[in-house]
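The values are calculated or read from the model by the stated rules, or taken from the named source; none is laboratory data. A quick note: this is a predicted structure, and the numbers were derived from the prediction, not measured. FYI the Cβ positions are ideal-geometry reconstructions off the backbone, even for glycines, and counts take in every protein chain you see. Just so you know, the surface numbers come from the protein's heavy atoms only, side chains and all, with ligands and any DNA or RNA stripped out. Shrake-Rupley method; radii C 1.70, N 1.55, O 1.52, S 1.80 Å.
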Amino acid sequence: MSMNLRPIFAASLVVVGLAASLAGAAAPSPAGIRKIEDVVIYADARFHNAFPSIVRRPDGELLVAFRRAPDRRLLGDEKYTHADPNSYIMLVRSRDTGRTWTKEPQLVFAHPFGGSQDPGMVQLSDNSILCTSYGWAWMPPTALPKLPQPNTVVVGKFVFLGGFIVKSTDGGNSWGKPIIPPRSDGEPRVDIFGQPLPAYNRGALCEGADGRLFWAIAASPPGGGSRTEVHLMISADKGATWKYSCPIAQDPKATFNEASVYETPRGELVTFLRTAGLNDHLVIARSTDRGKSFQKWEEIGFQGHPFHAMRLPDHRVLLVYGYRHQPFGIRARVLDAECTNAATAPEVILRDDGGGVDLGYPWATMITKDRAMVVYYFNRADGPRTIEGTIVQVE
């Protein structure tokens, strides 16, 4: 196949700077936030860039981690996939509150047996950074029947490796060896070596006021099948080791995964869960006993996924989520401090100009005392996937 790559590589130069969508002066919004501008964080047309997370360092530096893999459509494939043997965790930085970013991304981790997915960074109270991820291993079709069972195969040739965590104690400049968590209670699947499948999920873990870490992980039910449910794992040593605690959300028909955990000022744990089988509605599950048990999950009457919750300076909560229905884009709500009004809080449309369902997965952080940045991946007209952000004024 003949292809002129000159336009592709010309377009692949990294775009850094601001999209032209400045908001003019306006009265305070009853929704609690007001959009200021959109920012392009990383763009390279040769790659499928997706699933970002963001943290703000004590000195104000912003770090954005994301998954980067070749755009296989440029190499002759009919479509992109989210499982790729050359999928790596990359990182870029900004020292000017997100206006400009490093042009060449830093490699955070390359899995020795497959592609790495969905990096979720969380900065701890000691200023170390944890980054959760999980992997897929490519296998030739002749090898699949010989693998230990039960396992999970997608796209006909990728076998699930389960989750892992990497940690940095120097501001993301270097990362330690992967921490392999134990499997969830009752998880029946194994990895490619026949070992218990390590716990995994896409979504933010949180550090509680008592210093423990709470992680909502996905798992298959003991009977197997395509559904997943969500359980709680807890670490008392900054992520070095993990112990199973309890179920968060289970149902014989609905699927739960891609969950983020948030601790309220009262000390309750609130988990925001992506769903299938519930019309793409948000589900919230709440623990009032610091993660020993969770109340029955509650279906919230609006669509979107997945979700990230961030505490604002006045203890309200910025909840951000992707919107994979027309018009495709990014949305947000400002909740009260205890997250009791998710169903009634006004919805703010941050972006509605997306080019299809393959976008979203937002993550947020404060960048100044009264402004936050929401990062996500985006596409226009099904073109290259870019890492972008929206700056909002907190009111």
Inset, instruction - Being farther than 30 Å from N127 by Cβ and open to solvent by less than 20 Å² (accessible area, probe 1.4 Å) is the filter here, so list the residues in the range 167-189 that pass it. - result: E187
Inset, instruction - Can you confirm whether the range 288-306 contains a residue that is more than 17 Å from the chain's Cα centre (by Cα), on the phi > 0 side of the Ramachandran plot and not β-branched (V, I, T)? - result: yes
Inset, instruction - Among the residues of the range 230-268, write down those that are charged (D, E, K, R) and either open to solvent by less than 10 Å² (accessible area, probe 1.4 Å) or more than 19 Å from the chain's Cα centre (by Cα) (or both). - result: D237, K238, K243, D251, K253, R266, E268
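This table checks each residue for (1) more than 19 Å from S220 (Cα to Cα); (2) out of contact with any Ser or Thr (no Cβ under 6 Å at 6 or more places or on another chain); (3) basic (K, R).
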| residue | (1), (2), (3) |
| --- | --- |
| A236 | yes, yes, no |
| K243 | no, yes, yes |
| R266 | yes, yes, yes |
| A276 | no, no, no |
Inset, instruction - State the number of residues belonging to the range 342-378 that are in contact with a Ser or Thr (Cβ under 7 Å, 6 or more places away or on another chain) and without any contact (Cβ under 8 Å) to a residue 60 or more places away in the chain. - result: 2
Inset, instruction - Would you list the strands (runs of 3 or more DSSP E) that sit entirely within the range 110-185 and hold 2 or more residues that are touching a Leu at 6+ places or on another chain (Cβ under 6 Å)? - result: 129-138, 158-168
Legend entry - In the range 179-211, the residues that are touching a residue at least 60 places away in the same chain (Cβ under 8 Å) and over 19 Å from F256 (Cα atoms): I179, P181, P182, I192, E207, G208, D210, G211
Legend entry - Subset of the range 209-229 (residues that are within 14 Å of L269 (Cβ to Cβ) and exposed (fewer than 13 other Cβ atoms within 10 Å of the Cβ)): A209, D210
Inset, instruction - Kindly establish whether V159 is crowded, with 22+ Cβ neighbours inside 10 Å and at negative phi. - result: yes
Inset, instruction - Report yes if some residue within the range 372-386 is open to solvent by 20 Å² or more (accessible area, probe 1.4 Å), at pLDDT 95 or above and of a type in the set (D, E, K, R); otherwise report no. - result: yes
